[in-house]
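First the structure, in the form of structure tokens, and then the observations on it.
The values are calculated or read from the model by the stated rules, or taken from the named source; none is laboratory data. The shown structure was predicted, so the numbers you read here are calculated from the model rather than taken from an experiment. All Cβ positions, glycine included, derive from the backbone under ideal geometry; neighbour counts span all protein chains shown. The protein model used for the area step is the full one, side chains on, heavy atoms only, and it has no ligands, DNA or RNA in it. Shrake-Rupley method; radii C 1.70, N 1.55, O 1.52, S 1.80 Å.
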Amino acid sequence: MTSPATPAKTTTDLTLATQLERIGMRTVAGATDDLIARATSGRWSPATLLEEIARIELTDRGRRSLERRLRHSRVGRFKPMADFDWDWARKIDRTRLEQILALVFLREERNVVLMGPNGVGKTMIARNLVHAAIHAGYTALFRTAAELLDDLSCDSPELRKRKIAAYARPDLLAIDELGYLSYDDHAADLLYRVVNPRYDKRRPIVITTNLAFKDWTTVFPNATCIVTLVDRITHHCDILNIEGDSYRRRESDEESAARRGRKTHS
């Protein structure tokens with residue numbers, strides 16, 4: 001009678017940490033010694049050990065995903081809403097804005113237009129919305145209107161098509177400072193090509209502007225798509241008007257007064 005064949009033994013020169021790295025478990029790979037020590041001293045069951053491995057990897061992958069989405073969003077540095085002076089604006093619907101900041105508009109798939117003069121906090125709010133959306137697990141981009149339109153004004157139709165698709169893809173797109181510069185009718189067409197697919201897929205847009213919709217023709221003179229563009233933006237939309245003087249001007253005045261005070265007492 002022949003004896004059953006003995007399974008061939010697989011040997012490798014790779015360490016356990018290296019093997020874990022090769023299969024994408026980089027965090028566990030860097031913590032193998034500590035993990036084994038804790039499992040041994042705690043007399044973990046195999047199931048407990050596997051649960052801890054999964055927890056470590058998922059936690060770190062979540063952290064790296066958050067960092068990647070924040071970096072890609074280009075939201076930059078900004079003041080948190082805790083620093084927002086609600087009493088400075090002459091007119092602001094605080095209840096409505098707090099609902100927007102709670103991301104109700106994202107869950108309801110609605111756009112947000114923040115309208116008001118320069119320096120009343122529109123950009124600050126928009127950046128906070130992008131930041132909050134990313135921390136809530138959404139993908140989001142923050143771009144000024146100038147950055148977005150300059151990016152799309154490339155010579156290659158194929159490259160332009162890919163860029164438009166990239167702007168249509170995130171869960172939230174914030175377009176800042178629409179109305180601060182004038183563009184030609186071609187720029188309006190490019191903006192429409194970003195807005196339209198987002199409208200079809202109900203992916204929200206946040207827009208900050210210092211102009212009423214009726215004045216958008218001054219930004220895009222001779223553009224035939226303006227009426228349709230505004231219609232797409234405002235169909236499912238929360239429009240928030242903020243009235244007041246510039247925060248930046250107030251801060252500048254306060255800094256100047258403080259400097260004068262220091263010189264007086266020196």
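Enumerate the residues in segment 136-151 having an amide nitrogen under 17 Å from the point lying 7 Å beyond the Cα of HIS186 toward its Cβ. Correct set: 146-151.
Relative contact order, percent, of segment 18-167 when contacts are C-alpha pairs under 8 Å separated by at least 6 residues? RCO, segment 18-167: 23 percent.
Give the calculated FRET efficiency between GLU108 and LYS161 to the nearest 0.05, with a Förster radius of 30 Å applied to their Cβ-Cβ distance.
0.50
Charged side chains reduced to their Cβ positions (Lys and Arg at +1, Asp and Glu at -1) give the chain a dipole of some 380 debye around its Cα centre. In the list (1) 1.00; (2) 1.45; (3) 1.04, the label attached to Cα Rg over 2.2 N^0.38 Å as derived from the coordinates here is (2). Full extension of the chain between GLU98 and GLU21 yields a length gain of 23.3 nm, computed as 0.36 nm times the residue separation minus the alpha carbon distance.
Mean-square fluctuations from a GNM of the chain, with a 10 angstrom spring cutoff on Cα atoms, peak among ARG68, ARG90, ARG43 at ARG43. Entry note, the chain: relative contact order of 23 percent, from Cα contacts under 8 Å with a spacing of 6+ residues.
Leaving out ligands, DNA and RNA, and with a 1.4 Å probe, what % of the accessible surface on segment 13-82 is carbon or sulfur?
On the way: 2940 of 5160 Å².
Exposed carbon and sulfur together represent 57 percent of the surface.
For chymotrypsin sites (Phe, Trp or Tyr not before Pro), the sites in segment 46-110 that DSSP calls loop and that have at most 16 other Cβ atoms within 10 Å are PHE78, TRP86, TRP88. When the charge dipole of the chain is built from unit charges on Cβ atoms (+1 for Lys and Arg, -1 for Asp and Glu) and taken about the Cα centre, the candidate among LEU103, GLY42, ASN118 whose Cα reaches farthest toward its positive end is GLY42.
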